[in-house]
Every structure is written in C-alpha cells, then in structure tokens.
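Chemist: Just dropping this structure here.
The values are calculated or read from the model by the stated rules, or taken from the named source; none is laboratory data. In this text, all values refer to a predicted model and were calculated from it rather than measured experimentally. All Cβ positions, glycine included, derive from the backbone under ideal geometry; neighbour counts span all protein chains shown.
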Amino acid sequence: MKLLFLLCLLVGSSLVQAQTVKNNAIVIGRVDSVTSVVLKEKRTLWVYVPASATDPTYLKQRYPVVYLLDGDAWFTTTTGVLQKLSEFPNSVCPEMIVVGIPNTNRTRDLTPSTSTTDTDVLPAAVLKTAGGGEHFTAFLEKELIPYIDAHYPTTTHRTLIGHSFGGLLVLNTLVHHPDLFENYVAIDPSLFWDQEKLLKQAHEALEQPRFAGRALFVASANNTGLDSVRVLRDVSVGGALTRSQWKLRDELARNRRNGLRSAYKYYSTDTHNTVPLLATYDALHFLFSAYALLPAATSDLFNPASKADQAALLEAHYRQVSAQAGHVVLPPESAVNALAYYLLSQPGKAARSLALFQLNVRNYPTSFNVHDSLGDYYQSQGQPALAIASYSKALQLKEFPETRQKLTKLQAKK
C-alpha cells in the first residue's frame, strides 16, 4: 500500500501511539491471567503486544517475548523503552511482546532457597515463606510459557528480566535452567541472599560449557553512596549487596569459554530503585548488539544521492543480525515498503525502488501488500501487464477494495 516515507519519519511515533488510544484511554496492554496448578493460585498477567500485530496491511508477524518479574512495578518502564528502541529506522532490538508477572508472594516466588540469616532484610515471619523459586520457575516453564505461546503470536526466543529478588531468580534460572531463556537480565540482583548460596552454585556451574547461545546482562547500582573500592575492602560500611555482585563479575570474567556472552555494568550515580530504567535500556543494546544499523548505513538508506544499493545493504545487515540471533531475521516488511515508495518518488531512483519491492516479495511472498505495492511500481513505470499480474496475485491472497479498483481500471484500458 502506498505510504509516504517522510511522513512515517515525522509522525511514526504518533501513529504508533494513536493505535493504542481506545475510547479516549491510552492503552498500553491488556490484563490476562492463568490458573496455576504448580503454584495453586490464579496469576494475573500484564501483556503488551506491539501495535504492528493488529495492522491489517502487512503479513502477520510473530514476536520474541520478554518475561518481566515484578511486572506491575516495571511494566510501563519496560514497554516504553522497548517500543522506542524497536522503531525503524533506529531500531536497536526487534519488536517484542512483554509479559509482566505481578506478585502474590514476592519473597516466596523469587528466592531460590530459605534463609535464616537475612533478618536485617526481612522480618522473620516473611523469611519463613521464602525458598519457592524453583516452584515458580516450574510455573514459568510448564504453565506460563505454554499459555503465552498458545494465546499470543510468539516465537521461541525469550528474555527474562528481573530486579532485586527478581534478579536473583534470573540468575538462579540461568545457573540451573539455562535452556529456558535465551537472554537473561539481572538488575541489581540480591546475591547476598542465604549467605551467597547461589554465588557458590554459580562458581561451579559457570565452569561448565553449558551456555552456548545464551546472553547475560548484569546491572549493579550504588547502594551505599560510597566509593565502590572502599565498599569492597571495608565490610564495616555495609554494602553486602554490592560485594556479592562484584563476586559475580569476577566469576563471569574467569569463565569466558563457557559459551555465555555476558556484560556487567556498575551505575555509580544510580540507586537500587532508579537503576532499572537505564539498565533495561543498556541491556537491550547489549543483547541485540548486531541489530542496530550504523549511522552511516542509516544515512545511505534515506539519502537519495547515496550510491549505496539500499536493498543489498538491508540484506547484508539482516544476515549479520540473523547470525547473532541464531535464527532468520528479515527486514521489516512495512519499513522496506515505505523506503521503496520513497525512492520511487525520487528522480532516477526507480531501479533502487524496484529492488526493494522485489526484496519484500522474496521475503514475504504470502503478503498481499507486497504484490500490491509491486503493482503500483509497475503502473508508475508504464508497464500495465506486469501491474495487472501483481495486482491479481495480491487479490488471490486477500480481497482488498483499493487493489480491486486499480486492477479493474487497468483491465478496462486493454
């Protein structure tokens, strides 16, 4: 369908936002639920699905999924960052579904072991409920993930994000269930828990070559207001959380051959409760480091005077993205379509435009839109027979009034 590329650049964000306004309410996602046999309770879910999932113009997509612990606390932050960073042409990561998991008993679900020594963190009565992390992980694996896959347009590529106790569970899942997710984000994780029991388990686990195709981002905040070196050397100033995290940093540095791609970042000016925003932003950059186009390549795409072959540039870039992802990632149909129309409007760029329309046809052969758009190209170039063939193919895939009108008008001229 014909789109004005420059308009997309100028108001693309507004178009996305407009799709989330319903009855004068700004709708970010939906509330869902699943009844858990493992946990013996009904669990509420907050679910965000990209707006493109309901766009009837383009072929239906499937999306990677972010599973977000403490989902009610960080849902708007995570979805906002993700939506902005996945917008073409400046996309840092793919569009993704976000499944926020609000808590019912946070200490029970997010701690992997019981503890009798953390009375300075939680009251004794609360400590008694701790240690249900493995049950919660079983809920994720056996109930929640299958439910989401059955009811939403997902791929098999999953990311787990958690903060504080949630970060502790993220690391416990990586250590004991590394195949459950591809990407792990532990934000200021509570590794001090139970006398650093998980750290001791990680010491042995990280020595094993069990983490090929897995990635971990760890964020550490400044929770004492003191120089980090002093905190590491002087236990009298507190800082058990920071010291435990730096021990993990050392473990990651010591085990670089286990297949795990990891990054650790210390946020000297952020505290425990402010770090998740920046950490999520940085984590997405790290996890999908091959995804973003370099500034020079972005300029070549949109500059009509560039000598670059835009279709070849996109194909080469997404081959690199696919190599890092471990599965095929295609240039977005809508973005290629808009770029093709833009170049078609520029003098002397018809051949470059055709290459992009044809790229979309190769990548999305069952989309009515790509054939309709190719028909528009041929019609603009005075090739009615080819335009008729393309419009006819589009209508075989989906009846669409505008396409039918274009085809009828061309056939009447024969």
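Chemist: Quick one: how many residues across the stretch 262-290 are in a helix (DSSP H, G or I), under 30 Å from ALA316 (Cβ atoms) and of a type in the set (A, V, I, L, M, F, W, C)? Give the steps one after another, and end with the answer.
Modeler: Step one: list which residues in the stretch 262-290 are in a helix (DSSP H, G or I), which gives 275-287.
With under 30 Å from ALA316 (Cβ atoms) added as a condition, the list becomes 280-287.
From what is left, the residues that are of a type in the set (A, V, I, L, M, F, W, C) are 283-284, 286-287.
Residues flagged as in a helix (DSSP H, G or I), under 30 Å from ALA316 (Cβ atoms) and of a type in the set (A, V, I, L, M, F, W, C) within the stretch 262-290 amount to 4.
Chemist: Still on this structure, please answer the following. Residues that are loosely packed, with under 14 Cβ neighbours inside 10 Å, part of a helix (DSSP H, G or I), over 38 Å from the mean Cα position of the chain (by Cα) and of a type outside the set (A, V, I, L, M): does the stretch 401-408 have at least one?
Modeler: Checked against the condition, which is being loosely packed, with under 14 Cβ neighbours inside 10 Å, part of a helix (DSSP H, G or I), over 38 Å from the mean Cα position of the chain (by Cα) and of a type outside the set (A, V, I, L, M), the stretch 401-408 yields at least one hit.
Chemist: Output the residue which, of all residues in the stretch 291-343 that are without any contact (Cβ under 8 Å) to a residue 12 or more places away in the chain and part of a loop (DSSP other than H, G, I, E, B), is surrounded by the most Cβ atoms within 10 Å (Cβ to Cβ).
Modeler: Only one residue tops the list, namely SER306.
Chemist: So, one more: Does the stretch 23-34 contain at least one residue that is over 22 Å from HIS285 (Cα atoms), assigned to a loop (DSSP other than H, G, I, E, B), in contact (Cβ under 8 Å) with a residue 24 or more places away in the chain and of a type outside the set (D, E, K, R)?
Modeler: yes
Chemist: Of all residues in the stretch 99-128 being in contact (Cβ under 8 Å) with a residue 12 or more places away in the chain and of a type in the set (Asp, Glu), which is farthest from ALA73 (Cα to Cα)?
Modeler: Among residues in the stretch 99-128 that are in contact (Cβ under 8 Å) with a residue 12 or more places away in the chain and of a type in the set (Asp, Glu), the one farthest from ALA73 (Cα to Cα) is ASP118.
Chemist: Output the residues belonging to the stretch 31-58 that are closer than 30 Å to ASN369 by Cα, of a type in the set (A, V, I, L, M, F, W, C) and crowded, with 17+ Cβ neighbours inside 10 Å.
Modeler: VAL47, VAL49
Chemist: Which one is surrounded by the fewest Cβ atoms within 10 Å (Cβ to Cβ), of the residues in the stretch 152-177 that are under 26 Å from VAL329 (Cβ atoms), touching a residue at least 40 places away in the same chain (Cβ under 8 Å) and in contact with a Ser or Thr (Cβ under 8 Å, 6 or more places away or on another chain)? Walk me through it before giving the result.
Modeler: Residues of the stretch 152-177 under 26 Å from VAL329 (Cβ atoms): 152-162, 170, 173-174, 177.
This time we only want the ones that are touching a residue at least 40 places away in the same chain (Cβ under 8 Å), so: 152-155, 157-162, 170, 174, 177.
Those left that are additionally in contact with a Ser or Thr (Cβ under 8 Å, 6 or more places away or on another chain): 160-161, 177.
On the way: LEU160: 25, ILE161: 29, HIS177: 15.
Here the answer is HIS177.
Chemist: If you don't mind, another one. Taking the conditions exactly as written (more than 25 Å from LYS197 (Cβ to Cβ) and more than 22 Å from the chain's Cα centre (by Cα)), does GLN310 satisfy them or not?
Modeler: Yes; evaluated as a whole, the condition is true for this residue.
Chemist: Quick check on my filter: what residues within the stretch 178-212 are crowded, with 18+ Cβ neighbours inside 10 Å, at positive phi and touching a helix residue (DSSP H, G or I) at 6+ places or on another chain (Cβ under 7 Å)?
Modeler: Across the stretch 178-212, the qualifying residue is only ASP188.
Chemist: While we're here: Please determine whether any residue of the stretch 200-223 is under 13 Å from TYR67 (Cβ atoms), touching a Pro at 6+ places or on another chain (Cβ under 9 Å) and not aliphatic (A, V, I, L, M).
Modeler: The answer is no; no qualifying residue exists.
Chemist: Here is a follow-up. In this structure, does PHE288 turn out to be within 18 Å of LEU85 (Cα to Cα), in contact with a Pro (Cβ under 8 Å, 6 or more places away or on another chain) and surrounded by 14 or more Cβ atoms within 10 Å (Cβ to Cβ)?
Modeler: Criteria met by PHE288.
Chemist: Within the stretch 268-282, is there a residue that is over 18 Å from GLU87 (Cα atoms), hydroxyl-bearing (Ser, Thr, Tyr) and in contact with a helix residue (DSSP H, G or I) (Cβ under 9 Å, 6 or more places away or on another chain)?
Modeler: Checked the stretch 268-282: at least one residue is over 18 Å from GLU87 (Cα atoms), hydroxyl-bearing (Ser, Thr, Tyr) and in contact with a helix residue (DSSP H, G or I) (Cβ under 9 Å, 6 or more places away or on another chain).
Chemist: So, one more: Considering the stretch 62-81 alone, what residues qualify as being at negative phi, surrounded by 18 or more Cβ atoms within 10 Å (Cβ to Cβ) and not β-branched (Val, Ile, Thr)? Walk me through how you get there before you give the answer.
Modeler: As a first pass, look at the stretch 62-81 and keep what is at negative phi: 62-69, 71-81.
Narrowing the set further to residues that are surrounded by 18 or more Cβ atoms within 10 Å (Cβ to Cβ) leaves 63-69, 71, 73-75, 78-79, 81.
Within the stretch 62-81, TYR63, PRO64, TYR67, LEU68, LEU69, GLY71, ALA73, TRP74, PHE75 meet the criteria.
Chemist: What helices (runs of 4 or more DSSP H) lie completely within the stretch 124-197 and have 2 or more residues being modelled with pLDDT under 95? Give the steps one after another, and end with the answer.
Modeler: Numbers: elements: 124-127, 133-139, 145-151, 165-176.
In the stretch 124-197, the matching helices (runs of 4 or more DSSP H) lie at 124-127.
Chemist: Let me ask something additional. Does the stretch 354-365 include one or more residues that are within 21 Å of ALA53 (Cα to Cα), in contact with a helix residue (DSSP H, G or I) (Cβ under 6 Å, 6 or more places away or on another chain) and not in a loop (DSSP other than H, G, I, E, B)?
Modeler: yes
Chemist: Would you pick out the residues in the stretch 315-365 that are touching a Leu at 6+ places or on another chain (Cβ under 9 Å) and charged (D, E, K, R)?
Modeler: GLU315, GLU333, LYS349, ARG352
Chemist: Among what's in the stretch 346-399 and is out of contact with any Asp or Glu (no Cβ under 8 Å at 6 or more places or on another chain) and among the aromatic types (Phe, Trp, Tyr), pick the residue that is nearest to GLU333 (Cα to Cα).
Modeler: PHE357
Chemist: Going by the conditions given, is TYR264 of a type in the set (Ser, Thr, Tyr), touching a residue at least 60 places away in the same chain (Cβ under 8 Å) and surrounded by 15 or more Cβ atoms within 10 Å (Cβ to Cβ)?
Modeler: Numbers: of a type in the set (Ser, Thr, Tyr): yes; touching a residue at least 60 places away in the same chain (Cβ under 8 Å): no; surrounded by 15 or more Cβ atoms within 10 Å (Cβ to Cβ): yes.
Considered against the rule, which asks whether it is of a type in the set (Ser, Thr, Tyr), touching a residue at least 60 places away in the same chain (Cβ under 8 Å) and surrounded by 15 or more Cβ atoms within 10 Å (Cβ to Cβ), TYR264 comes out as no.
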